[in-house]
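A.B. asks: Below are the structure tokens for one structure; questions will follow.
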Amino acid sequence: MDLAIVTLIAAVIAVVVFFFGFLALIAKFYRKVQQGHAMIVNTMRAEPEVTFTGRLVIPVLHKVEEMDVSMKTIEIERSGKEGLICKDNMRADIKVKFFVRVNKTAEDVLRVAQSIGCERASNQDTLEDLFSAKFSEALKTVGKSMDFVDLYQARDQFRDEIVRQIGDDLSGYVLEDAAIDYLEQTPLEKLDPNNILDAQGIKKITELTAEEAIRTNEFRRNEEMRIKKKDVETAEAVLELERQKAYAEAHQQREIAITKAREEAEAAKVAAEERAKAELARLLADQQIAVQTENVKRETEVAQNNRLRAVAIEEEKVTRARQLEIVDREREVTLQQIEKEKAVEVQKKAIADVIRERIVVERTVAEQEEEIKNVRTLSDAERTRKSTIVLAEGQAQEKYISEVKSAEADEQRARHKANEEQIAAEAKLVVAAKMAEAKKREAEGIEAVSAAGGLAEAKVAIAKADAKEKEGIVAAKVKLADADAVVKLGDAHAQALQAKMEAEAIGREKQGVAEAQVKLADADAVAKQGTAQAEALRLRLEAEALGKQKSGEAEAAAIAARFAAESEGLTAKFEAMKHMSPETRAHEEQRMQLDYSHAETLRGIEANTAIAKEQATVLGRALQQAKIEIVGGDGDYFESFMRSLSLGKAIDGTVGKSQLLAKAFADHKAGKRDLIQDAKELVAAVGGADAVRDLSVAALMQKLVASGRTKDVDLLQKLIGEGTRARGQGGP
């Protein structure tokens, strides 16, 4: 093995051994310091070393000492004759703990170690020997600068002053804090009366305790007085609340009664209004029904009049036809008769118009009477409603008066109760005065028995009696004032309520009277208006009737005058005709016949025109109401319909223009015979339509005779005779 390697290994082993040996040396001789301790190591240097953690201590070379630097307490207690004298020479038993420790610096630790030694530095006795005098002196100094009360109340200030008085120069120690564990006044029996300071302290204590006793007694009396006053105030408040409650209940009951009466009156008013509305609706319905009935009657009468007019027209036609026949025989008389009939018809028409107008007037009068009845009914309903309202208001007033009387009774009761309370308060005042006098006499007796010590109690009793007396007087005055206030308040409420109710009653009475007057004025106005309208209508109808009468009389006079003039003209004419020659008379008759025919033709045209117009109107109305549906076709239906109408009109015109046919069908036109039935019988008697077509007149008569139908033979002969006569006269 190489020598170098061996040497290297040996060196390494030596280093390792040295390292582990060094570690073992340190583990063996290193010393740690506990918390709250300091270690002082005397080395070979001039000054020892101080450590608070630990260091290597080599025996023989180093000397080690430990010092307790933790907190220590020093208790200073002064009590009894050794108690702390305060600024006011009162003694105080006090126990104060001071917290002292060695200042944790190397210099202070070495200073304490060099001056006291490490072992004695933390000894309790050593500490008390070192600092008791200093701390006690500081305690005395600070205590003498403060009164006992200040000392007791300002304990923090007292502690701070002690710490400040001790200061920081404690030869390496430091005062951490101070705590006052006990602080009380030194009892009097432990004080020395011969000591001037204690004597002053006893005096001070006596004065303070006496003042405090007096003040305590005063506080107790005040407490009793306040309690009693509070009880009285509470009782008063309770009574006041009970009074307010009673007043509120009475007020509520009164309001409920008023509201109930008002609602009942309002309900009655609404019921009356609804009943009036229902009655008015019923009357309006009746009125409408009556109007509709009158309208139906009027339409019925109009229809009847129309029917009568149509019948009259037909009758006129018949009459005209008959008169035409008569005119043939009595020419001039028939003409006058026709004119007379026309005049009669005009008068009838005028009479019918007058009747119609009278009906209208009667209907209007009936409507006015219905309106007057409605007004009277409304007036009755309004009167009933007013009477109901007045009755309800009377009931409400009765309730109101009963409530007012009840309120007055409550007021009297409240007034008597207030007098009772006033008398009770006066009695209490007298009792309180007597009790105060008794307490005063008792206090005087006690004062006479007990000298100085009872003087305070006597004064307190006197003050208490005075206070009670004053309290009673004040309470009595308060009661009297409250009673007066309650009485005045009740009077004011009663007067105000009475005035309010009277004003409301007067206002309601005036309002009702005004409403009644307004309603009466309205009813009078409506009645006057109806009367005026009826009178105006009557006057207008009378004027119209008078005018129509005069007009009729004038027309009648004119017609009479015209007829008289015509009669005179005809008379003159007939007289003139008597003097005419036969040829002239025949010519004149021929001319008159032509004039008559011309006039007849014109009247027939006018009559046919009117009939055609009426028929067209009727046909138009019928066609308007008829539902004719023409589907398809090329207009043949309309042409056939028009041809039928034209054929009917042609037949009517032929029958109307032909004298023969008119005479032949006179019975048929008059409705006495049925043309269709006669035609059927005639054709059936001949043998049918084909036989009639090929039959001559003679053969026809033979067939009729053979069949025994003599009546038909007479009719045929009549027709033939009339036709022959007509042809002989040159007719168509």
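A.B. asks: Could you compute the net charge surrounding Gly490? Neighbours are other residues with a C-beta less than 13 Å from the C-beta of Gly490; K and R count +1, D and E count -1.
C.D. replies: Overall, the nearby charge balance is -1.
A.B. asks: When ranked by the protection proxy of mean other Cβ atoms within 10 Å per residue, highest first, what sequence do the peptides 474-480, 241-247 form?
C.D. replies: 474-480, 241-247
A.B. asks: Using only the C-alpha atoms of the range 172-217, find the volume of their convex hull and express it per residue in Å³.
C.D. replies: Spelled out: Cα convex hull of the range 172-217, divided by residues, is 141 Å³.
A.B. asks: Mind counting lysine pairs for me in the range 18-159? Cα separation below 25 Å, and the two need to be 8 or more apart along the chain or on different chains.
C.D. replies: The number of close lysine pairs in the range 18-159 is 28.
A.B. asks: Using a Förster distance of 22 angstrom, determine the FRET efficiency expected from the C-beta separation of Ile401 and Lys269, and round it to 0.05.
C.D. replies: Using R0 = 22 Å, I get an efficiency of 0.55.
A.B. asks: Order of 294-301, 71-78, 10-17 by packing, highest average Cβ count within 10 Å first?
C.D. replies: My ranking of the peptides, most packed first, is 71-78, 294-301, 10-17.
A.B. asks: What ³J(HN,Hα) values, in whole Hz, does the Karplus curve 6.51 cos²θ - 1.76 cosθ + 1.60 give for the range 345-356 when θ = phi - 60°, with x put for Gly and Pro?
C.D. replies: 5, 4, 5, 4, 4, 4, 5, 4, 4, 4, 4, 4
A.B. asks: Read phi for every residue in the range 400-405 and hand back ³J(HN,Hα) as whole Hz from Karplus 6.51 cos²θ - 1.76 cosθ + 1.60, θ = phi - 60°, with x for Gly and Pro.
C.D. replies: Result, rounded to whole Hz: 5, 5, 5, 5, 4, 4.
A.B. asks: For the residue pair Gln157 and Asp522, what label-to-label distance in nm results when each label sits 7 Å from Cα along the Cα-to-beta-carbon direction?
C.D. replies: If labels sit at Gln157 and Asp522, their model points lie 9.4 nm apart.
A.B. asks: For the range 118-191, with all protein chains present and a 1.4 Å probe, just round the carbon and sulfur fraction of the accessible area to a whole percent.
C.D. replies: 42 percent
A.B. asks: Related question: Using a Förster distance of 25 Å, how high is the FRET efficiency between Leu197 and Asp125, based on the Cβ-Cβ distance and rounded to 0.05?
C.D. replies: According to the calculation, E is roughly 0.20.
A.B. asks: Any chance you could run the full-extension gain for Lys144 through Gln590? It's 0.36 nm times the residue separation minus the Cα-Cα distance, nm to one decimal.
C.D. replies: 142.2 nm
A.B. asks: Express in nm, to one decimal, how much length is gained between Arg221 and Lys510 on full extension, taking 0.36 nm for each residue of separation and deducting their alpha carbon distance.
C.D. replies: The span from Arg221 to Lys510 would gain 97.3 nm if fully extended.
A.B. asks: May I pose another question? Along each of its three principal axes, how wide is the spread of alpha-carbon positions in the range 270-310, in whole angstrom units, largest first?
C.D. replies: 58, 5, 5
A.B. asks: Here is a further query. Kindly write out, for the range 578-592 in residue order, the coupling ³J(HN,Hα) from the Karplus curve 6.51 cos²θ - 1.76 cosθ + 1.60 (θ = phi - 60°), rounded to whole Hz, with x marking Gly and Pro.
C.D. replies: 4, 8, 7, 6, x, 5, 5, 5, 5, 5, 5, 5, 4, 5, 5
A.B. asks: Using just the C-alpha positions of the range 246-378 as equal point scatterers, what log10 of I(q)/I(0) does the Debye formula give at each q in 0.09, 0.13 1/Å?
C.D. replies: Once normalised to I(0) and log-transformed, intensities are -0.58, -0.79.
A.B. asks: Could you give the distance between the Cα centres of the range 74-96 and the range 248-291, to the whole Å?
C.D. replies: 98 Å
A.B. asks: Keeping all protein chains in position, work out how much accessible area Cys118 exposes to a 1.4 Å probe, and write it in Å² to the nearest 10.
C.D. replies: Ignoring ligands and nucleic acids, Cys118 comes out at about 20 Å².
A.B. asks: If you don't mind, there's one more thing I want to ask. Between the range 184-198 and the range 398-418, what is the C-alpha centre distance in whole Å?
C.D. replies: 76 Å
A.B. asks: On the full set of protein chains, 1.4 Å probe, figure out the accessible area of Phe98 and give it in Å² to the nearest 10.
C.D. replies: Spelled out: Phe98, probe radius 1.4 Å, area about 0 Å².
A.B. asks: May I pose another question? Please list Leu429, Leu61, Leu139 in order of solvent-accessible area, largest first, computed with a 1.4 Å probe with all protein chains present.
C.D. replies: Leu61, Leu429, Leu139
A.B. asks: With a sphere of radius 9 Å drawn around the Cβ of Glu316, what net charge do the other residues whose Cβ falls strictly inside it have (Lys, Arg +1; Asp, Glu -1)?
C.D. replies: Neighbour charge sum, excluding Glu316 itself: -1.
A.B. asks: Right, something else. What distance in nm separates the simple spin-label points at Glu137 and Glu408, each placed 7 Å from Cα in the Cβ direction?
C.D. replies: 10.0 nm
A.B. asks: Per residue, how many Å² of accessible area does the range 471-615 show with a 1.4 Å probe?
C.D. replies: 69 Å²
A.B. asks: Still on this structure: Largest first, how would Leu308, Leu127 line up by accessible area (1.4 Å probe)?
C.D. replies: From most accessible down to least: Leu308, Leu127.
A.B. asks: Starting from 0.36 nm per residue, how many nanometres of slack lie between Thr259 and Ala14 once their C-alpha separation is accounted for?
C.D. replies: Computed gain between Thr259 and Ala14 is 75.6 nm.
A.B. asks: Under 5 Å between amide H atoms, partner at least 5 residues away or on a different chain: which partners does Val69 have, H built in plane at 1.01 Å?
C.D. replies: His37, Ala38
The values are calculated or read from the model by the stated rules, or taken from the named source; none is laboratory data. The structure presented is a predicted model; accordingly, all values stated were derived computationally and were not measured. Neighbour counts are summed over all protein chains in view; Cβ atoms, including those assigned to glycine, are modelled from backbone coordinates with ideal geometry. The protein model used for the area step is the full one, side chains on, heavy atoms only, and it has no ligands, DNA or RNA in it. Shrake-Rupley method; radii C 1.70, N 1.55, O 1.52, S 1.80 Å.
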